[in-house]
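Down below is the structure, laid out as structure tokens.
The values are calculated or read from the model by the stated rules, or taken from the named source; none is laboratory data. Because the structure is predicted, anything quoted here is derived from the model rather than measured. Counting neighbours? That spans all protein chains shown, and the Cβs are built from the backbone with ideal geometry, glycine included.
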Amino acid sequence: MGSIVAFFGRILGWIAGLFWRITWRLSLVVSILIGLGVLYYAMQLPPANSLVDGRARGSVTLLDREGQPFAWRGDQFGGMITADTVSAHLHNAVIATEDRRFYWHPGVDPRGIASAVRINLREGRGPLEGHGGSTITQQAAELICLGRPFDPAEWEDERDYERSCRRTTIWGKIQEAVFAMAMEARYSKAEILTIYMNRVYLGAGTRGFEAASQRYFGKSAAEVTPAEAAMLAGLLKAPSALAPTSNLQRSQDRASLVVGLMEEQGYLSASAAAEARANPAQLSRAAREQAGGYFADWVMDTGPEFFTRGTTEDVIIRTTFDRRIQSAAEAAMIEVFENQVREGSAAQAAIVVMSADGAVRGMVGGRDIRVSGAFNRATQALRQTGSAFKPFVYAAALDLGRSPNDLVEDVPLTITIPGSGDWTPQNYDREFKGWVTLTQAMAESRNVPAVRLAQEVGLGNVRTVAAMFGIESDLAAGPALALGASESTLVEMTGAFAGILNGGSSVTPYGLVELRLLGDDAPLMGAGGGIGERVIREEAARQLTWMMHRVVEDGTGQRARIEGWEFAGKSGTTSAARDAWFIGFSADYVVGVWMGYDDNTPLNGVTGGGLPAEIWRQTMERVIAGLPPTPLPMDVPIPGSGDAIATASNVELGQPLSDAALDAALESAFGPSPTRSEETPAQADRDTIQSVLDNILGGGGN
């Protein structure tokens, strides 16, 4: 029996010895291979400071008209920081959150890996799915993609490059572990932490803790408080989802957990931790407002691509953006849609505010005002302009010598259009008023007079005036041109109205004032817009401004009135009410408003003189708040016989003119007889007017 036991004992001993001999030899081979791998990688690693900024593209920082940042695009890098120069709170928060044994392991942490595998298996995932157990050194190795630089020919973009570097295959994790140990052999712990803290992505386009601290808090990473440090470190788990600009409460909740880790590991006292929880980090004003997303996107789209969308440099762009005016437009949009638009409506609106020289001060491209990269209805939506186009018809007529008091017929009209047949335009109210002045026709937005006037001055002249004022889209060739059958964008139309305000010269709307590279004082380019060539005579522009002033005072734009202020404007509503516009100006600002559905669904009961004029008024109320009223640059026409004829025509359309009607017409045009000026017509002129009116009205024609 004993011999049998001894026999099997010898067999087991031989097996154990064989296993040991194989194991230690295999371990030796593996160790040698790992050592060679570590040596190979370590010899190829460059100096640590050359790895802190690995961006494939640059950044753009946009400054408002006061020189303060308000928007960021591209990959922001705030400049190199080191493990020694950042706030001690931030240093400790990163260690406590990501790798508490960072200063004791050789690049990999077997305890951390085992713990991560155990958690993954317990939660029903694969051993490498979910928690990775990676050390800060391993994460830094991933961030530099194990030493492989970004190659545009191999990867579609930087995100694809980074995803390929994070693939969690077993072989990939082995390579990562070897590379991490090489980094430990080549660099100090402080250098590894410096690489990590500069290259890690932290949401909202920020790379590195300095950029993130500047983006979210408006301060350096060297100055952050424990609460701010905890929020920044908390972003490492899911930077896009946890970014405070996306969801501040969620970011604060995550920061509270980080504060707990810092307290547990002795980095914060109980009182300091309680203070951090009671006063969580808050966003800076610029980050909180997230103002001007549509404006920033527009500037990026209109600037040179190699310095904006495709820049590899860090670019600073000074703009025309005005935070106060932007807030005014946003508040007006919110106010009207919350209180005057039915709940659940999918209607959209856009607002543009600019100065008379085309400098855009504020822009809202849709109801969702906190966006970036969204469809901008102020600059990208081509929509029919409706009656908002009519000022260009009257501009052409006035420039050719017509007067605001001149007459135009408002009677049924049929035009034969070659290839299309007869076309009979209708007025909005389905009524006709006979002879009307140009001013009345504009104020009441009468269609037939606008078509007649466009035919009289020439459709080609109207197209030329509109194009020179900045309407760049294809303009209709037929008489429907006068009624806004053509399409345009809100920023184009607002710019064209700015040309009327500035005395008749074209403007190119612009937002970019100056572009320079970060660190350079000399700008690479200046403003790309402003006042251009003259389109109509200044006298004609001032007369047109008067006519548009009457639109607000007496006509379709009365909802835009503000007591004590002079405004000029024009409403516009397209066929089937698919688009509604109101564009107008004070002496200092032009405001354009468009409203409609993205899918061209007709608006229900909305005209340009309704909700768009209301949005316009509420915007302008906030823009001019605290400013003294400024008179419009307009010429008030001297009353003349045209006013009398038009008034009489309206009073007694189609009937023989009575003396009372004539007296009323003359009084309307020239004032009460005791106070009439020298321009009051003599009896001979009165007889002439009587004769003209009798011919027009007494003969039964209209």
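Determine whether the range 237-249 contains at least one residue that is within 25 Å of the chain's Cα centre (by Cα), within 30 Å of L490 (Cα to Cα) and touching a residue at least 24 places away in the same chain (Cβ under 8 Å).
Yes; the residues of the range 237-249 include at least one that is within 25 Å of the chain's Cα centre (by Cα), within 30 Å of L490 (Cα to Cα) and touching a residue at least 24 places away in the same chain (Cβ under 8 Å).
Considering only residues that are under 26 Å from S271 (Cβ atoms) and under 26 Å from the mean Cα position of the chain (by Cα), look in the range 215-229 and name the one that is surrounded by the fewest Cβ atoms within 10 Å (Cβ to Cβ).
K219
Take the conditions aromatic (F, W, Y), touching a residue at least 12 places away in the same chain (Cβ under 8 Å), surrounded by 20 or more Cβ atoms within 10 Å (Cβ to Cβ) and not in a loop (DSSP other than H, G, I, E, B) and apply them to F389. Does it pass?
Spelling it out, F389 is indeed aromatic (F, W, Y), touching a residue at least 12 places away in the same chain (Cβ under 8 Å), surrounded by 20 or more Cβ atoms within 10 Å (Cβ to Cβ) and not in a loop (DSSP other than H, G, I, E, B).
Among the residues of the range 45-92, how many are in contact (Cβ under 8 Å) with a residue 24 or more places away in the chain, assigned to a helix (DSSP H, G or I) and not polar (S, T, N, Q)?
Result for the range 45-92: 4.
Quick one: what pairs do we get from the range 196-222, first residue assigned by TED's automatic domain parsing to the domain that holds P149, second part of a loop (DSSP other than H, G, I, E, B) and of a type in the set (K, R), C-beta under 7 Å, 6+ apart or different chains?
R207/R55; S213/K219
Might you check whether a residue that is in contact with a Pro (Cβ under 8 Å, 6 or more places away or on another chain), buried (at least 24 other Cβ atoms within 10 Å of the Cβ) and within 20 Å of D579 (Cα to Cα) occurs anywhere in the range 426-443?
yes
Of the numbered conditions (1) modelled with pLDDT of 90 or more; (2) surrounded by 18 or more Cβ atoms within 10 Å (Cβ to Cβ), F307 satisfies every one except a single condition; which is it?
Single failed check for F307: (1).
Say we look at the range 203-229 and pick out the residues that are touching a Phe, Trp or Tyr at 6+ places or on another chain (Cβ under 7 Å) and among the hydrophobic types (A, V, I, L, M, F, W, C); which of these is nearest to T245 (Cα to Cα)?
A211
Restricting attention to the range 311-320, which residues are surrounded by 21 or more Cβ atoms within 10 Å (Cβ to Cβ) and out of contact with any strand residue (DSSP E or B) (no Cβ under 6 Å at 6 or more places or on another chain)?
Within the range 311-320, T311 is the sole residue that qualifies.
Against the condition at pLDDT 95 or above and either more than 27 Å from the chain's Cα centre (by Cα) or basic (K, R) (or both), how does L632 come out, does it pass?
Yes.
What are the pairs, 6+ residues apart or on separate chains, where a residue within the range 501-521 that is surrounded by fewer than 16 Cβ atoms within 10 Å (Cβ to Cβ) has its Cβ under 7 Å from a residue that is charged (D, E, K, R) and modelled with pLDDT of 95 or more?
From residues that are surrounded by fewer than 16 Cβ atoms within 10 Å (Cβ to Cβ), the pairs are E514/R318.
Where residues in the range 235-244 are touching a helix residue (DSSP H, G or I) at 6+ places or on another chain (Cβ under 8 Å) and aliphatic (A, V, I, L, M), which of them is surrounded by the fewest Cβ atoms within 10 Å (Cβ to Cβ)?
Selected residue: A241.
Going residue by residue through the range 542-556, is there one that turns out to be outside any helix (DSSP H, G or I), over 14 Å from V465 (Cα atoms) and of a type in the set (D, E, K, R)?
no
Yes/no matrix, rows are residues, columns are (1) outside the structural domain of Q384 (by TED's automatic domain parsing); (2) acidic (D, E); (3) farther than 24 Å from G365 by Cα; (4) at pLDDT below 95:
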position: A482; (1), (2), (3), (4): no, no, yes, yes
position: A485; (1), (2), (3), (4): no, no, no, yes
position: S488; (1), (2), (3), (4): no, no, no, no
position: G495; (1), (2), (3), (4): no, no, no, no
position: L518; (1), (2), (3), (4): no, no, yes, yes
position: D521; (1), (2), (3), (4): no, yes, yes, yes
position: I536; (1), (2), (3), (4): no, no, yes, no
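Could you tell me which numbered condition W298 fails, if it satisfies all but one of (1) crowded, with 23+ Cβ neighbours inside 10 Å; (2) over 26 Å from A613 (Cα atoms); (3) not assigned by TED's automatic domain parsing to the domain that holds H89?
Answer for W298: the failing condition is (2).
Within the range 212-292, considering only helices (runs of 4 or more DSSP H) that don't extend past its boundaries, which have at least 3 residues that are over 30 Å from V371 (Cα atoms)?
Per the criteria, 248-264, 270-278.
Out of (1) within 29 Å of L501 (Cα to Cα); (2) surrounded by fewer than 17 Cβ atoms within 10 Å (Cβ to Cβ), the odd one out for G421 is which?
So the condition that G421 fails would be (1).
Which numbered condition trips up Y589, out of (1) under 25 Å from the mean Cα position of the chain (by Cα); (2) buried (at least 19 other Cβ atoms within 10 Å of the Cβ); (3) closer than 24 Å to A485 by Cβ?
Every listed condition holds for Y589 apart from (3).
Looking at (1) within 19 Å of F497 (Cβ to Cβ); (2) surrounded by 18 or more Cβ atoms within 10 Å (Cβ to Cβ); (3) touching a residue at least 40 places away in the same chain (Cβ under 8 Å), which is the only condition L382 fails?
For L382, the exception is condition (2).
Say we look at the range 444-475 and pick out the residues that are over 22 Å from L382 (Cβ atoms) and acidic (D, E); which of these is surrounded by the fewest Cβ atoms within 10 Å (Cβ to Cβ)?
Among those that are over 22 Å from L382 (Cβ atoms) and acidic (D, E), it is E456.
Restricting to the range 454-475, give me the number of residues that are out of contact with any Gly (no Cβ under 8 Å at 6 or more places or on another chain), closer than 21 Å to V491 by Cβ, in contact (Cβ under 8 Å) with a residue 40 or more places away in the chain and in a loop (DSSP other than H, G, I, E, B).
Number satisfying all stated conditions: 2.
Check the range 408-429 and report whether any residue there is under 19 Å from A466 (Cα atoms), in contact with a Lys or Arg (Cβ under 8 Å, 6 or more places away or on another chain) and not in a strand (DSSP E or B).
no
I'd like to verify a number: residues in the range 182-201 that are surrounded by fewer than 24 Cβ atoms within 10 Å (Cβ to Cβ), of a type in the set (A, V, I, L, M, F, W, C) and either more than 17 Å from T137 (Cβ to Cβ) or touching an Asp or Glu at 6+ places or on another chain (Cβ under 8 Å) (or both), how many?
1
Within the range 476-500, track down each residue that is under 16 Å from A381 (Cα atoms) and in contact (Cβ under 8 Å) with a residue 24 or more places away in the chain.
Correct list: G484, A485, S486, E487, S488, T489, L490, V491, M493, T494, G495.
Within the group L232, L261, L257, which residue is crowded, with 24+ Cβ neighbours inside 10 Å and under 20 Å from R100 (Cα atoms)?
Just a single option satisfies the conditions, and that option is L232.
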